[in-house]
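Working notes for the structure below.
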Amino acid sequence: MTTFLQNCFAGLALGSTYALVALGFVVIYKSTGVINFAQGGLLALGAYLGYTFANNLAIAFGVAILLACASAALVGAGFERIVLRRMVGQPPFAVIMITIGLLFVLEPLITAIWGFDNLQVTNPWNIQTVEAGGIVFGVRDLWTIGLTAAVVVAFFLFFRFTSLGLAMRATAFDPEAALAQGISARRVYAVSWAIASALAALAGITMAAGPGGLSPSIGFIALAAFPAMILGGLDSPAGAVLGGIVIGLAEALTRGYQDQLFSWAGDNVSIIVPYLLMIVILLIRPYGLLGTKDVRRI
């Protein structure tokens, strides 16, 4: 039982990171109808910006996180303003290709500035642990879970009680009606990109603060978070969180019981489990666990 609970905690911490990235995917999809394939690049950029603030500029880690998120938000909003705003009215496929192009721009830019070496981010957690009931809790993992919970609560309050949040919900529900009511779609799109970029940066810097350190490959975490978004529902923030937790638990439990149950499948079966789980869920619920069912009248 102790081993099972230890794996569940590891899955919850990993799922929290997936949830942050998946939330970024969902925010942009809800407002624009486009899947942002540059989310992994924004995650890596945010992580390296956090490293720069915390290590090179010797800024307190908490402040470095805020500065990294703010800087990434400016990059996201600037990209929307300079590039994507010119694509309004164009086919979604064209916009998706531009996000892929942004990813391929960010990756070599990051390596050109920071190099390929594995870097250690200065943080107050290091490899500190807390033990309770025979279970070892990593302090970084506890902070990741806590930050994700805080972000989810902030999301709920923002979209429920602020005028901008209500405007974003209205635009996502019916863009034409929102425009008729005087809501600025351009402002909504810019804010959506800023929020998604900030979430990616938060996920990136919490991952980089772990024992694995920071390397350019950190952006691949977005590929693992992609099934979480699909599983939970493309247009559901709650689904993104649920999907992230489910995928994280499935991956951690598979890795924890690899030798006992999955030795016949090879050493990296935990990597493909999220995608297998996504396929199974989509066969049962094509719109995801909490996604909106598409109903068409003829």
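Observations
- Count of region 122-140 residues which are open to solvent by less than 50 Å² (accessible area, probe 1.4 Å), out of contact with any Pro (no Cβ under 9 Å at 6 or more places or on another chain) and closer than 27 Å to Gly76 by Cα: 1
- Taking region 71-121 as the range and being aliphatic (A, V, I, L, M), within 30 Å of Asn55 (Cα to Cα) and open to solvent by 50 Å² or more (accessible area, probe 1.4 Å) as the test, the residues that pass are Leu74, Val75, Val105, Leu109, Ala112, Ile113.
- Ala77 being in contact (Cβ under 8 Å) with a residue 12 or more places away in the chain and over 20 Å from Thr32 (Cβ atoms): no
- Looking at Phe220, Phe226, just one residue is within 30 Å of Gly89 (Cβ to Cβ), part of a helix (DSSP H, G or I) and of a type in the set (Phe, Trp, Tyr), and that residue is Phe226.
- Condition met for Met207 (within 19 Å of Gly41 (Cβ to Cβ), open to solvent by 40 Å² or more (accessible area, probe 1.4 Å) and in a helix (DSSP H, G or I)): yes
- Checking Phe161 against (1) free of Cβ contacts under 8 Å to residues at least 40 places away in the same chain; (2) open to solvent by less than 80 Å² (accessible area, probe 1.4 Å), the condition it does not meet: (2)
- Where helices (runs of 4 or more DSSP H) fall entirely within region 1-120, those with at least 2 residues that are over 21 Å from the mean Cα position of the chain (by Cα) are at 2-32, 61-82, 92-114.
- Given (1) surrounded by 23 or more Cβ atoms within 10 Å (Cβ to Cβ); (2) modelled with pLDDT under 90, number of the condition Leu223 does not satisfy: (1)
- Positions within region 231-255 being in a helix (DSSP H, G or I), of a type outside the set (D, E, K, R) and open to solvent by 30 Å² or more (accessible area, probe 1.4 Å), in sequence order: Pro237, Ala238, Val241, Leu242, Ile245, Val246, Leu249, Leu253
- Cβ-Cβ distances below 9 Å connect the following pairs, each with a first residue in region 139-156 that is more than 13 Å from Val241 (Cβ to Cβ) and without any contact (Cβ under 8 Å) to a residue 12 or more places away in the chain, a second residue that is of a type outside the set (D, E, K, R) and in a helix (DSSP H, G or I), and a separation of six or more residues or different chains: Gly146/Ser16.
- Residue selected from region 187-196 under the condition touching a residue at least 40 places away in the same chain (Cβ under 8 Å) and more than 9 Å from the chain's Cα centre (by Cα), by the criterion surrounded by the most Cβ atoms within 10 Å (Cβ to Cβ): Trp193
The values are calculated or read from the model by the stated rules, or taken from the named source; none is laboratory data. The shown structure was predicted, so the numbers you read here are calculated from the model rather than taken from an experiment. Glycine also receives a Cβ, built like all others from the backbone with ideal geometry; neighbour counts cover every protein chain displayed. Accessible surface areas use protein heavy atoms only, side chains included; no ligands, DNA or RNA. Shrake-Rupley method; radii C 1.70, N 1.55, O 1.52, S 1.80 Å.
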